[in-house]
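Novice: Sharing a structure, written as structure tokens. Questions coming.
The values are calculated or read from the model by the stated rules, or taken from the named source; none is laboratory data. Everything numeric in this text was worked out from a predicted model, so none of it was measured. As a convention, Cβ positions derive from the backbone with ideal geometry for all residues, glycine included, and neighbour counts pool all protein chains shown.
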């Protein structure tokens, strides 16, 4: 089983000029501790579940760029970017840049989005849910086309809400065939169908219905003619271990339970005043205990740079 650390908030006892040091320490601990990845929430205001608008909130892709410079092995992604948040070509360019500067470690984490309050507060469009799903499909189509294109072969695109005259992307992402795509949500009619068509990973809520959701996903893959086994099965969770005490043992049991339901990768929120101690405990006690669980199925992707004249 793979563990990804989710930086869902920045409510640490550090002034803004101290956040850089804490993030740098977390990056080093993640790289050295056997974790599969580092993820950030993508919000402009802190979510009410993590302190609300008055709490510290760093912009996601700037933060991931900082983490890329401080790490060598972990993959880097948002959990997740709302499709309404950025024009799709800008999003593809941000992930491409992260991929190039990280040496081929960027993933696109994307979903239909939520948290209307931050959008109305800051003037960011927040259309109805049905439109956001249409924007999600447009974004997936634009991103995959931009990553597939070669200079000189950049056709136009017309989607439900997005029109682009030329999907040029230079430099191209290092990963081949493209950066991985994680699509969040367990909606059986729309979201899992998009995972089957575009995704390399799903992201489900923890619960006993995971096998049912995976069966629905497999049905969508069969209908779309895509390979179900290629999809990494991830689950959001929360990591709160103690120093090899009862909370750690309970967490390991929960991760074993998730692996038994078919989960490959757990994306765990790390809370508390100083996340560094939590990451250290996870690396010491939890990563070794769960490494052999499940399919151990990180997507193998090549990161060979291509030269373009």
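Novice: Please specify each residue of segment 69-84 satisfying the condition of being surrounded by 23 or more Cβ atoms within 10 Å (Cβ to Cβ) and more than 14 Å from the chain's Cα centre (by Cα).
Specialist: Within segment 69-84, just 71 meets the criteria.
Novice: Specify the residue that is surrounded by the fewest Cβ atoms within 10 Å (Cβ to Cβ); the eligible residues are those in segment 191-229 that are in contact (Cβ under 8 Å) with a residue 60 or more places away in the chain and farther than 20 Å from residue 269 by Cβ. Lay out the reasoning, then the answer.
Specialist: Going through segment 191-229, the residues in contact (Cβ under 8 Å) with a residue 60 or more places away in the chain turn out to be 191, 200-201, 203.
Subsequent filtering for residues that are farther than 20 Å from residue 269 by Cβ retains 191, 200.
Working: 191: 24, 200: 18.
Checking each candidate, the answer is 200.
Novice: Would segment 70-77 turn up any residue that is within 25 Å of residue 135 (Cα to Cα) and either touching a strand residue (DSSP E or B) at 6+ places or on another chain (Cβ under 7 Å) or free of Cβ contacts under 8 Å to residues at least 40 places away in the same chain (or both)? Step through it out loud before you land on a result.
Specialist: Here is the first cut: in segment 70-77, the ones within 25 Å of residue 135 (Cα to Cα) are 76-77.
Subsequent filtering for residues that are either touching a strand residue (DSSP E or B) at 6+ places or on another chain (Cβ under 7 Å) or free of Cβ contacts under 8 Å to residues at least 40 places away in the same chain (or both) retains 76-77.
Yes: one or more hits.
Novice: Shifting gears a bit: When only residues in segment 269-303 that are modelled with pLDDT under 85 and in contact with a strand residue (DSSP E or B) (Cβ under 6 Å, 6 or more places away or on another chain) count, which is nearest to residue 5 (Cα to Cα)?
Specialist: Filtering segment 269-303 for residues that are modelled with pLDDT under 85 and in contact with a strand residue (DSSP E or B) (Cβ under 6 Å, 6 or more places away or on another chain), the one nearest to residue 5 (Cα to Cα) comes out as 298.
Okay, residues lined up against (1) out of contact with any helix residue (DSSP H, G or I) (no Cβ under 7 Å at 6 or more places or on another chain); (2) within 21 Å of residue 71 (Cα to Cα); (3) surrounded by 16 or more Cβ atoms within 10 Å (Cβ to Cβ):
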site: 2; (1), (2), (3): yes, yes, yes
site: 6; (1), (2), (3): yes, yes, yes
site: 15; (1), (2), (3): yes, no, no
site: 21; (1), (2), (3): yes, yes, no
site: 39; (1), (2), (3): yes, yes, yes
site: 42; (1), (2), (3): no, yes, yes
site: 47; (1), (2), (3): yes, no, yes
site: 52; (1), (2), (3): yes, no, no
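Novice: Under the condition of being in contact (Cβ under 8 Å) with a residue 60 or more places away in the chain, in a loop (DSSP other than H, G, I, E, B) and over 17 Å from the mean Cα position of the chain (by Cα), which residue from segment 12-46 is nearest to residue 106 (Cα to Cα)? Break it down into steps so the answer makes sense when it comes.
Specialist: First, the residues of segment 12-46 that are in contact (Cβ under 8 Å) with a residue 60 or more places away in the chain: 12-13, 22, 25-26, 29-30, 32-37, 39, 42-45.
Going one step further and asking which of them are in a loop (DSSP other than H, G, I, E, B), we end up with 12-13, 33-36, 42-45.
With the extra rule that they be over 17 Å from the mean Cα position of the chain (by Cα), the set shrinks to 12-13, 33-34, 45.
Working: 12: 26, 13: 29, 33: 19, 34: 17, 45: 23 Å.
The qualifying residue nearest to residue 106 (Cα to Cα) is 34.
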